[in-house]
Amino acid sequence: MFDLTLAQARDGLRKRDFSARELTDAYLGAVAALNPKLNAYLLVTEAQARAQADAADAALARGEAANLTGIPLAIKDLFCTKGVRTTAGSRILEHFVPPYESTVTANLLRDGAVFLGKVNLDEFAMGSSNMTSAYGPVANPWTRRGDNRPLVPGGSSGGSAAAVAARLALGATATDTGGSIRQPAAFCGIAGIKPTYGRCSRWGIVAFASSLDQAGPIARTVEDCAIMLRSMAGFDPKDSTSADLAVPDYQAACHRSVKGLRIGVPKEYRSEGMAPEIEAMWQQGLAWLRDQGADIVDVSLPHTKYALPAYYIVAPAEASSNLARYDGVRFSSRTDGGDLTELYENSRAAGFGAEVQRRVLIGTYVLSAGYYDAYYIRAQKIRALILKDFTDVFRTVDALVTPTAPSAAFGQGEKMDDPVTMYLNDVFTGPANMSGIPGLSVPAGLDSQGLPLGLQVLGKPFDEETVFAVGAAIERASGFSALPGIRAGVAA
Amino acid sequence: MSLDPATVRRIARLARIRVSEDQLAPLGAELSGILAWIEQLNEVNVDGVEPLTGAAQMALRLREDVVNDGGNADAVLSNAPDRAGAFYAVPKVVE
């Protein structure tokens, strides 16, 4: 049963090969068995999952199958879930129980999904390794060949990616502010898409950097992502930047031909010191698309190298503003002080981890009097140039293909000496957040250590369909079928 | 660009995060490292470029200027560490 993709499980449910309750019970059993090794789930909502599965079986019996009826999913613990603790991976929200449901999770419930529980993440989604979670690191279900030391699953959606890769859910919600869907998907050998900014409502998602945050799915295949995104996306009047556009049939787009599509290869992504295996995988991906009739074209995005430093002004600035609400008064955890200011300062010092404190301080600094123009306004101007780079190349190409990340998964505790070393994980993914364009990661192969590598497909704003078509074409050609050592359905 | 302890103390105060005296210098060095990397943005000519505030390529919508929500004091206060009736409770602010 664990070998089924989301699409196949959906078919099985509709044909009544097995019940939603059987499927959910199987996944709950797998979570109980493997989560102690992985720490992917922070909270398992067993009773709720079984009740939702029973409701799904009743709907199926009535012949009322919705898009995701009976499909067990994991929910990143950044999405507020009504009556179910939501921590954002932070000590400061340790006891926070939202009295409301995020729009994205409400959309999934509307379409019949079963929620197995809430999954781990970097604190407030700030990180590329899941090492900053206040609730401990997540282990990647993959390990290097002949070496069982734990690797990171990437971040910030590390729990989402590890849960899907280890088959502890058929799919997971995730969010991406600088690469937090695509990099963990690549590190865990599965697919993930950050849709266009505005495609999924941000309402009810704990905010990190509001002009960059975007929700999307992580799942085993490109088609599974397409099925999930169809339910997650859609206009929401409660999010002022939600796009009032119809949601296309993304699943159908996965079966489109790429013949005649023009695929751009940005020369600035070919950085000096790129690992030869990453470069080879990239060339292989382009060859697969050429074989299927796509035209491969060299293009230039001249401001690429400035995207990440500009991101590290914009994102911390917005974070310092968004996280001002965690004051020891309104949410969850308080550390007392002699007066109100001390209460604020003590609560925030005790409640925020080191990386969150760093980013709030950087953000406060770049927004402070005397530095605002030099840092924040300059970063916004560079952001405009980054968008213009993309707008210009999308006049001549339909999509871009690049590596997703500069390396395969690294060890827990590596890249921790210097914050900038960790930030550079997002060098290929960050530009899509700065410009708002959609980006998908698809597994393409294994490196010499037996770890998965991903390729990234970038597309025009609101043209996720072409992104899915190109991603699915790479997936078909790669025939990627490798599986991690730790997964449901195999003896440990 | 290097942040001295006095600057770190000032930023931490603005951010309402307690930083102990012995952490000011190491934290300053860490933040300076990040800012030094960001300095490369000064290479870019941004003359005449309009700042881009967000990734949404659309005009913001307006809604009717009417009350459409409210009366949820209990839900709003349900996560308060301390409350007094329909209010958040904090240490005495005014003598």
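Since every read-out is calculated from the coordinates, none of them should be taken as a lab result. Computed from a predicted model, the values in this text were never measured in an experiment. Glycine gets a Cβ as well: all are built from the backbone with ideal geometry, and neighbour counts include every protein chain shown.
Assorted remarks:
- Computed on the Cα trace of the stretch A:315-389, the radius of gyration divided by the Kirkwood hydrodynamic radius gives Rg/Rh = 1.11.
- Value of Rg to Rh for the stretch A:143-290, rounded to two decimals, is 0.99; Kirkwood radius and Rg both from alpha-carbon coordinates.
- Reported value for the stretch A:414-492: 144 Å³ per residue, from the convex hull of its C-alpha atoms.
- Among residues other than residue A:174 with Cβ under 14 Å from its Cβ, the summed charge is +2 (Lys and Arg +1, Asp and Glu -1).
- Stokes-Einstein diffusion for the stretch A:242-292 at 20 °C, viscosity 1.002 mPa s, with a Kirkwood radius from C-alpha pairs, works out to 153 µm²/s.
- Count Lys and Arg as plus one, Asp and Glu as minus one, and take only other residues whose Cβ is under 14 Å from that of residue B:29; the net charge is then -4.
- Dimensions in Å of chain A - Rg and Dmax from alpha carbons: 21.2, 70
- Ranked by the mean number of other Cβ atoms within 10 Å of their residues, highest first, the peptides A:311-320, A:295-304 come out as A:311-320, A:295-304.
- Around residue A:462: net Lys/Arg minus Asp/Glu count, Cβ-Cβ under 14 Å: -2
- Between the stretch B:1-47 and the stretch A:82-119, the Cα center-to-center distance that results, in Å: 35
- Alpha-carbon centroid distance for the pair the stretch A:438-453 / the stretch A:252-301, whole angstrom: 14
- Distant-in-sequence amide contacts of residue A:117, defined by a placed amide H-H separation under 5 Å and a gap of 5 or more residues or a different chain, comprise A:45, A:75.
- Packing, taken as the mean count of other beta carbons within 10 Å per residue, orders the peptides A:251-258, A:180-187, A:448-455 from highest to lowest as A:180-187, A:448-455, A:251-258.
- For the stretch B:76-87, 3J(HN,Hα) computed residue by residue from phi via the Karplus equation (6.51, -1.76, 1.60; θ = phi - 60°) reads 4, 8, 5, 9, 6, x, 8, 9, 9, x, 8, 10 Hz, glycine and proline entered as x.
- Taking a span of 24 Å or more along the helix axis (Cα atoms) and a mean Kyte-Doolittle hydropathy of at least 0.0 as the rule, the DSSP H helices of chain A that qualify are A:20-38, A:304-322.
- For the peptide B:15-25, the mean number of other protein chain Cβ atoms found within 10 angstrom of a residue's Cβ is 6.
- Convex hull (Cα only) mean projected area of chain B, reported in nm² to one decimal: 13.0
- Fewest-first ranking of A:157, A:102, A:333, A:271, using other Cβ atoms within 10 Å as the exposure measure: A:271, A:333, A:102, A:157
- Assuming charge only on the beta carbon of Lys and Arg (+1) and of Asp and Glu (-1), the dipole of the stretch A:268-313 about its Cα centre is about 140 debye to the nearest 20.
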